[in-house]
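Structure first, then comments.
Any read-out appearing in this document is the output of simple, stated calculations on the displayed coordinates, not a laboratory observation. This one's a predicted model, so the numbers in the text were calculated from it and none came from an experiment. Ideal geometry is used to build each Cβ from the backbone, glycine not excepted, and the neighbour counts take in all protein chains shown.
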Amino acid sequence: MLITLAVSILWSSGLSELWSYNVVGPVYGLAFSDDGLLGVASWDGKAYILDPRGRVLKIMKAYESLRDASYSSGKFAFVSHDNYVNITEKGTLVSKRYYVGPEMNEAVTVTDKGFMACWTKCAFYSFNGSALWDINSTWGVKNGPAYSSGYWYIADWDGEQLLIVKDGKLLNIIKYDEWSYDVAACGSRLAVTTSSNLYLYDLSDPTEPKELWKRGGFAEAYQLAFSPNCKYVAVVDVGKRELEVYGSDGKMLTRVSLESAPYSVAWWGDEIATGLENGKVIVFKFSASPVEESVGLRQEQGNGIVGVALASLLWPVIRKRLRQ
């Protein structure tokens, strides 16, 4: 007796809006804390911290446009064109400002040991305000560098390159043929956006990332964010006014057209936040789950009743495996 068991699965991936919040002017930076607080860096010269329902917990004022936001180890970081970085403790919402100057007032990334600020150069600062080291090889950095296991990955926008740095030493440069906008690290993966492409790299060798795949077709892939489990990558395309989500295999899972150009994106749990040029922050729920499963049986020979019984016993096991 030979029974053929055929399983068909349809996957549904989508984005549904949960809530929104409006500020004045473009939203250039977003960062989620580990418990869902959202830091917002806005053109209006204000940094906002919102709770998971979009309610304001704190507003901090700068003297110029806020350009970027970051979060790590209980601290939010915001950088402004007034040449200061604001570090805010998540628990107490107490803030402290650090002067970084006009050469490093565009992008910021905070870690447990300090923060990196960038524009035409990058420098790493301790939380006492001292610059520990700097890198002068950049032409212009639009978005905060990625940090992974002691290594820094800096998307040098105007230099059309990715810099790999450790303890202030430049270890490697990956060249592109167009502007390099953003970079993010998650586990053993590194993602980079250039003007029209999304790259995924393996970081088994942190100084020599191995390209796994490249996806093109973007108009201006300005920012990206990994899902917390590193399985998905969200990209905002300024030129197309879209938020797009890709799987670990490089396939686009879903996308949504937006009312205004998106300049920022952040991911927490199953929620993706994006900040628009018109000042709107939108938080979406992302889903990727099987929605239909079917079994087909074909009896080649022998007892059909036995075949159906066998299939009914096997199907719960197969279904469980498919959902893992």
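The table for this structure:
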item	result
Those lysines that a straight Cα-Cα span of less than 17 Å connects to LYS169, excepting residues fewer than 8 apart in one chain	LYS121
Whole-angstrom Cα spans of the chain along principal axes, big to small	81, 43, 35
Dimensionless Rg ratio for segment 1-149, taking C-alpha atoms and the 2.2 N^0.38 Å reference	1.32
Cα centre as origin, Lys/Arg/Asp/Glu Cβ charges: the chain dipole, Debye	820 debye
Principal-axis tilt of helix 304-323 within the chain, Cα atoms, nearest 10 degrees	10 degrees
Flagged links, alpha-carbon separation over 25 Å, of LYS113/LYS280; LYS46/LYS251; LYS61/LYS280; LYS175/LYS210	LYS113/LYS280; LYS46/LYS251
Euclidean distance of C-alpha centroids, segment 65-101 and segment 193-232, integer Å	26 Å
Local net charge near GLY187, Cβ-Cβ under 13 Å (Lys/Arg +1, Asp/Glu -1)	+1
Inter-site label distance for LYS96 and LYS210 at 7 Å from Cα along Cβ, in nm	4.2 nm
Packing-based ranking, highest mean first, of 228-235, 63-70, 131-138 given that Cβ atoms within 10 Å are counted	63-70, 228-235, 131-138
